[in-house]
Amino acid sequence: MREFIPADMNPRDVHKLLLSGVAPRPIALTATADEHNNINLAPFSFFNAFSGNPPVVIISPAFRGVDGSSKDTYENLKRVGKCTISMVTYSMVGQCNLASSIYPADVNEFEKAGLTMRESSTSNIPHVAESPFALECDLLNCIELAPEKKGSGNLMILQVTRIHVKENVLNGAVLDPTKVEMVSRLGQDYYARITPECLFRLPAPSGQGVGFDSLPQALQQSSVLSANTLSKLAGLESLPEQLLEANERVCSHEAQQRAEEVSQRGGSTEEILTALLK
Ligand SMILES: Cc1cc2nc3c(=O)[nH]c(=O)nc-3n(C[C@H](O)[C@H](O)[C@H](O)COP(=O)(O)O)c2cc1C
């Protein structure tokens, strides 16, 4: 492992390295307005949800690294205290990118990016009509991390007051990820596109699993069973006697291969055990 010490590095390099590893990040396509109702739109991937009750998200429109100047989003939010955040999907990622261009404060990036303004309920700040999921937010607090430093972040802590979701992407009262091609930001100019093929499900552990350390040594040291397969066994609240004995038959190469195949196909823990113990 190579060790990097941010304090000894050029801030630009720290920024690039950090963003290449803290990824993928969701993108907040953020609309704000100034006191004269000039509408602004810009993307921010320093973004996430931090609380469900109250519903709170945070974005960080940083001071520019080049000259320390502030961004329109930061100025507008501080002055007006409201914004909307629209989710970015693959079909609009190019337009999202366009909206990140530096235009004068009175230029509406919805128009420059060819995106449609949809009316919001709690303010005159629109959200993006093309987006299947949008939030209306009120500024709760702003934490300026180091205003004297170029490129420093500004945490805009936002309470969500409205959530708009297109009917066709809902499954009950939640978004169905197979119906929306969400997009996230990685380092450099890489993005990721969430297609149905790259989705997988992983149910939360129920109860207290026996843990890796309680699995038979022969399985822990297996060169066939992956860590993900072993995790499923380690998540069981108790192990079958037969497995604990971990005799030759249980640990045979063939049995492990069968179990691994079952696991890779998304088989249940029961099915993995059956394959192991056959
Ligand atoms: C996908 C994407 C994510 C971005 N994330 C951030 C971010 O989290 N913080 C930031 O300060 N700038 C970010 N930027 C750059 C801003 O969008 C850019 O500086 C923009 O011009 C700011 O616009 P404004 O002055 O209208 O607020 C990002 C750009 C892109 C394309």
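The values are calculated or read from the model by the stated rules, or taken from the named source; none is laboratory data. Values in this document were obtained by computation on a predicted structure and should not be read as measured data. Because the Cβ atoms are built from the backbone with ideal geometry, glycine has one as well, and the counts that use them run over all protein chains shown.
General observations
- Some residue of the range 177-184 being over 19 Å from the mean Cα position of the chain (by Cα), surrounded by 14 or more Cβ atoms within 10 Å (Cβ to Cβ) and at pLDDT 95 or above: no
- If you go through the range 1-30 and pick out every residue that is of a type in the set (A, V, I, L, M) and either within 10 Å of the ligand (Cβ to nearest atom) or at pLDDT below 95 (or both), you end up with 4.
- Ala23 vs. criteria surrounded by 13 or more Cβ atoms within 10 Å (Cβ to Cβ), within 18 Å of Ser70 (Cβ to Cβ), out of contact with any helix residue (DSSP H, G or I) (no Cβ under 7 Å at 6 or more places or on another chain) and among the small types (Gly, Ala, Ser): no
- Single unsatisfied condition, Ser45 versus (1) in contact (Cβ under 8 Å) with a residue 24 or more places away in the chain; (2) over 22 Å from Ala129 (Cα atoms); (3) of a type in the set (S, T, N, Q): (2)
- Breaking point among (1) within 12 Å of the ligand (Cβ to nearest atom); (2) without any contact (Cβ under 8 Å) to a residue 60 or more places away in the chain, for Val80: (1)
- Any hit, the range 267-275, residues being assigned to a helix (DSSP H, G or I), of a type in the set (S, T, N, Q) and surrounded by 13 or more Cβ atoms within 10 Å (Cβ to Cβ): yes
- Lone unmet requirement of (1) near the ligand (Cβ under 9 Å from one of its atoms); (2) modelled with pLDDT of 95 or more; (3) more than 24 Å from the chain's Cα centre (by Cα) for Val93: (3)
- Single condition Lys82 does not satisfy, out of (1) under 25 Å from His15 (Cα atoms); (2) out of contact with any Lys or Arg (no Cβ under 6 Å at 6 or more places or on another chain); (3) surrounded by 15 or more Cβ atoms within 10 Å (Cβ to Cβ): (1)
- Within the range 100-117, restricting attention to residues that are hydrophobic (A, V, I, L, M, F, W, C) and near the ligand (Cβ under 10 Å from one of its atoms), the residue that is farthest from Arg64 (Cα to Cα) is Val107.
- Qualifying position, being surrounded by 11 or more Cβ atoms within 10 Å (Cβ to Cβ), in contact (Cβ under 8 Å) with a residue 12 or more places away in the chain and over 20 Å from Thr30 (Cβ atoms), among Lys166, Lys150: Lys150
- Helices (runs of 4 or more DSSP H) contained in the range 62-142 and holding at least 1 residues closer than 27 Å to Thr195 by Cβ: 93-98, 109-113
- Taking the criterion of being crowded, with 16+ Cβ neighbours inside 10 Å and either away from the ligand (no atom under 12 Å from the Cβ) or farther than 19 Å from Phe44 by Cβ (or both), the only residue of the range 185-197 that qualifies is Ile194.
- For Thr178, the conditions (1) among the hydroxyl-bearing types (Ser, Thr, Tyr); (2) free of Cβ contacts under 8 Å to residues at least 40 places away in the same chain; (3) touching a Phe, Trp or Tyr at 6+ places or on another chain (Cβ under 9 Å) all hold with the exception of (3).
- Test: residue in the range 69-85 that is touching a Leu at 6+ places or on another chain (Cβ under 8 Å) and either modelled with pLDDT under 95 or of a type in the set (Ser, Thr, Tyr) (or both): yes
- Only one of the numbered conditions (1) loosely packed, with under 15 Cβ neighbours inside 10 Å; (2) under 20 Å from Pro205 (Cα atoms); (3) more than 31 Å from the chain's Cα centre (by Cα) is violated by Ser223, and that is (2).
- For the range 232-254, a residue qualifies if it is outside any loop (DSSP other than H, G, I, E, B) and either surrounded by 18 or more Cβ atoms within 10 Å (Cβ to Cβ) or β-branched (Val, Ile, Thr) (or both), and the qualifying residues are Lys232, Leu233, Ala234, Leu243.
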